[in-house]
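Just below is one structure, and these are the notes that go with it.
The values are calculated or read from the model by the stated rules, or taken from the named source; none is laboratory data. For clarity, every value in this text was computed on a predicted model and none was experimentally measured. In this analysis, Cβ positions are derived from the backbone assuming ideal geometry, glycine residues included, and neighbour counts consider all displayed protein chains.
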Amino acid sequence: MSGAAQKVMLLTGASRGIGHATVKRFEREGWRVLTCSRQPFQPELCPWPGGRENHIQIDLADPNMTIAAIETIREKLDGRLHALVNNAGISPKAPGGGRLNTLETDLRTWGQVFHVNFFASIVLARGLKDELSAARGAVVNVTSIAGSRVHPFAGAAYATSKAALKALTREMAYDFGPLGVRVNAIAPGEIETSILSPGTERIVEGLPLRRLGKPSEVADVIWFLCSDASSYVTGTEIEVNAGQHV
């Protein structure tokens, strides 16, 4: 795809799992992918072309850093952003890897989780609304199965931040629609990544499809929501969870 016609996507939480798979999916379609993560670009872990110059190191837990990054991102665009995928998420654990519940989660932890999992999504979308509108682009917020039910491993701050992100998706779809921008969400279930908790296999045994999901399967749904195939879809959340919600 020529530089003039090449579409551009901004992806947060690009350093592993679903983020990695999403970069590969969009690159396969000829898109340029701008990646954001807390870590500097690591070519040995992210062996895709142009990765270093298309990477923005940013800690989304720091609201000032998130706001300041808008201008850095804008400088890497030609005035158009075809897709924003808010994939970054953190889920702190108790000592020993246990679930942090509403009685035990420190207030500072609540704030950190919400800055990364919730506030960063609207800060980036609002800061780049002109570029998204110019491209008649799409926003995809990555929520979670934990946003709709108590999960044995996901903490209370994580779960409520993802529930809030689902509600934010609805509000954004209403507000961004007149700008020509579609906003949707996906809610992954048990996906085969490095952050799976011990005991997940017991959940998988009860899923209708009886298996973990692959990061590439989540990336395919993200691709659908950013492509012309979903041009009349906005304000919805697609569950990618092997029937875990039924």
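When ALA68 is tested against (1) within 23 Å of GLU239 (Cα to Cα); (2) outside any loop (DSSP other than H, G, I, E, B), exactly one condition is not met: (1). Taking the range 71-88 as the range and being surrounded by 21 or more Cβ atoms within 10 Å (Cβ to Cβ) and outside any strand (DSSP E or B) as the test, the residues that pass are LEU81, HIS82, ASN87, ALA88. In the range 36-73, the qualifying residues are those that are charged (D, E, K, R) and either within 19 Å of the chain's Cα centre (by Cα) or under 14 Å from SER121 (Cα atoms) (or both), and the one that is modelled with the lowest pLDDT is ARG38. In this entry, ALA156 passes the filter for residues that are in contact (Cβ under 8 Å) with a residue 24 or more places away in the chain, surrounded by fewer than 24 Cβ atoms within 10 Å (Cβ to Cβ) and more than 23 Å from PHE224 (Cβ to Cβ).
Of all residues in the range 202-246, those being assigned to a helix (DSSP H, G or I) and either surrounded by 12 or more Cβ atoms within 10 Å (Cβ to Cβ) or touching a Phe, Trp or Tyr at 6+ places or on another chain (Cβ under 6 Å) (or both) number 15. Scanning the range 5-28 for residues that are among the small types (Gly, Ala, Ser), part of a loop (DSSP other than H, G, I, E, B) and in contact (Cβ under 8 Å) with a residue 24 or more places away in the chain yields GLY13, ALA14, SER15.
Tell me, yes or no, whether the range 81-93 has at least one residue that is farther than 21 Å from ALA219 by Cα and out of contact with any Phe, Trp or Tyr (no Cβ under 6 Å at 6 or more places or on another chain). Within the range 81-93, one or more residues are farther than 21 Å from ALA219 by Cα and out of contact with any Phe, Trp or Tyr (no Cβ under 6 Å at 6 or more places or on another chain).
Every condition in (1) small (Gly, Ala, Ser); (2) surrounded by 13 or more Cβ atoms within 10 Å (Cβ to Cβ); (3) farther than 26 Å from SER231 by Cα holds for ALA68 except the one numbered (2).
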